[in-house]
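> Below is a structure I'd like to ask you about.
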Amino acid sequence: MTKKGRVFSGARPTGRQHLGNYLGAIQNYAELQNEYDCVYCIVDVHALTTVETTQELRQNTFEMALDWLAAGIRPEETIMFVQSHVPEVMELHAYLSMVTPLGKLTDLPTFKEKIRHQPENVNYGLLGYPVLMTADIVLYKTDVVPVGIDQVPHIEFARETVRSFNYRFQTQALIEPQAKHTEIKKVLGIDGKEKMSKSLNNHIELAASPAETTKRVREMVTDPARVKRTDPGNPDICNVFTMHKIFSPQDEVDMINVECRRAGIGCVDCKMRLANNLNKHLEPFRAKRAEFESKPDDVQAILDDGGKRARAVAQEVMAEVREAMKLP
Ligand code: TRP
């Protein structure tokens, strides 16, 4: 089958992935493999911009790789690799930085947010983050980058940087990537308020045991106006119901939609049903993950092989880039 072009995406190694990562990104990564030639990168160098993620970089990379593989990333056809295994990206980052006006970097909302978030560690890497991200993307002549709304300014930045580079060096060596907006299923955490995230500890890990998963689901906040079992609830504002719509069979969703509103079903029962359906849904994932986990050398071999294949592409592109720049 001929594919539509190349997709590239990167994610920082945040360790074990949660339902929010799965529904918001990983599931989409897996699906895109059917239509595109895909390159998926664990961006360990980007992770170095924040101190709290650097201590457990190896472990976090390994755990994330397990989750990606278990969720259906197919390393035979897809290039799945670790960013630092392809040092050419650092070289390209340096060249791209020469066509990047400083003001553009300091103006980016993502940079401003980072310095608000970690005023004690405003390092150069944070400022250069979008330049390195551009290097990631263009190093593989990427056509399409699947992104959530927060990354849109970065893709726009990448496109402008490619235009500047190609113009300055009178070349077509770099390709302007297109953003592919993923219909983001914004998944709320168990608090029912904030987006699911590990740092807020409101997440449900994909790799959690069925018992742990059930425990987390039981902690989920439902309609706050429903205090007593006999109070009617409002599924429209209940995060448990939102998840039922994703993980439960339609007839059960319909039943809850009716019964919750007339207090025919209680929150505890409703959550137990969700926990059961979620556990059923994750069963094949967990089995696959456990298998990979028991063979860490195989996982390492997959990442090494991905790195080699990525590097082969990168070296060709870098030869073109150096030629265009007339580097001696
Ligand atoms: N900036 C992305 C994030 O924070 C991660 C990333 C790095 C990325 N390089 C990329 C995403 C290239 C897409 C393409 O989530």
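> Per-residue ellipticity at 222 nm for the chain, helices alone: DSSP H runs ≥ 4 residues times -39500 (n - 2.57), over residue total, nearest 500 deg cm²/dmol?
-16000 deg cm²/dmol
> Solvent-accessible area per residue for the chain at a 1.4 Å probe radius, Å²?
Normalised by residue count, the accessible surface of the chain is 49 Å².
> Separate question: Mind listing which trypsin sites (Lys or Arg not before Pro) in the range 277-313 are in a DSSP loop and have 13 or fewer other Cβ atoms within 10 Å?
Passing both the DSSP loop test and the Cβ count: no residue.
> Choose one of Val217, Asn234, Phe247: the residue whose Cα lies farthest towards the positive end of the charge dipole of the range 210-289 (beta-carbon charges +1 Lys, Arg; -1 Asp, Glu; about the Cα centre).
It is Val217, whose Cα lies furthest towards the positive end.
> Pick out, from Thr171, Ile137, His154, the residue whose Cα sits farthest towards the positive end of the charge dipole of the range 127-180, with +1 on the Cβ of Lys and Arg and -1 on the Cβ of Asp and Glu.
The residue sitting farthest along the positive end of the dipole is Thr171.
> Would you list which aspartates and glutamates come within 14 Å of Lys215, measuring only between C-alpha atoms, while excluding same-chain residues fewer than 8 positions from it?
Qualifying aspartates and glutamates at Cα under 14 Å: Asp191, Glu205, Asp269.
> Which pairs in the list Lys195/Lys228; Lys198/Lys288; Lys3/Lys180; Lys195/Lys288; Lys114/Lys198; Lys104/Lys326 are over 19 Å apart, alpha-carbon to alpha-carbon?
Details: Lys195/Lys228 27 Å; Lys198/Lys288 23 Å; Lys3/Lys180 16 Å; Lys195/Lys288 27 Å; Lys114/Lys198 17 Å; Lys104/Lys326 26 Å.
Table pairs above 19 Å Cα-Cα are Lys195/Lys228; Lys198/Lys288; Lys195/Lys288; Lys104/Lys326.
> Further question: Towards the positive end of the charge dipole of the chain, with charges on Cβ (+1 Lys, Arg; -1 Asp, Glu), say which of Tyr36, Gln83, Asn121 has the farthest Cα.
Final value for the positive-end residue is Asn121.
> Is there a quick way to get the dipole size of the chain? I mean about its Cα centre, with the Cβ of Lys and Arg at +1 and of Asp and Glu at -1; what is the value in debye to the nearest 20?
Dipole about the Cα centre, nearest 20: 600 debye.
> In addition: Under a point-charge model restricted to the Cβ atoms of Lys and Arg (+1) and Asp and Glu (-1), what is the dipole moment magnitude of the range 206-251 relative to its Cα centre, in debye to the nearest 20?
Roughly 160 debye, rounded to the nearest 20.
> Next question. Check cross-link reach from Lys308 to the aspartates and glutamates: straight Cα distance under 20 Å, and skip same-chain residues fewer than eight apart.
Asp37, Asp44, Glu76, Glu77, Glu88, Glu91, Asp136, Asp297, Asp298, Glu316, Glu320
> So how compact is the chain: Cα radius of gyration and Dmax in angstrom?
Here Rg and the maximum Cα pair distance are 22.0, 79 Å.
> Further question: With a cut-off of at most 13 other beta carbons within 10 Å, and DSSP calling the residue loop, which trypsin sites (Lys or Arg not before Pro) in the range 207-278 qualify? Please list them.
Filter output for the range 207-278: Lys228, Arg229.
> What angle, in degrees between 0 and 90 and rounded to the nearest 10, separates the Cα long axis of helix 250-259 from the longest principal axis of the Cα atoms of the chain?
50
> Using a Förster distance of 22 angstrom, determine the FRET efficiency expected from the C-beta separation of Gln172 and Leu327, and round it to 0.05.
So the FRET efficiency works out to roughly 0.80.
> Calculate how steeply helix 57-70 sits against the longest principal axis of the alpha-carbon atoms of the chain, using the helix alpha-carbon long axis, and give the answer as 0 to 90 degrees to the nearest 10.
With rounding to tens, the tilt is 70 degrees.
> Quantify, in whole percent, the carbon and sulfur part of the accessible surface of the chain (1.4 Å probe; protein heavy atoms only).
It is 54 percent, rounded to a whole number.
The values are calculated or read from the model by the stated rules, or taken from the named source; none is laboratory data. Here the structure is a predicted model, which is why all the values come from computation and not from measurement. Because the Cβ atoms are built from the backbone with ideal geometry, glycine has one as well, and the counts that use them run over all protein chains shown. These area figures cover heavy atoms from the full protein model, side chains too; ligands, DNA and RNA do not enter into them. Shrake-Rupley method; radii C 1.70, N 1.55, O 1.52, S 1.80 Å.
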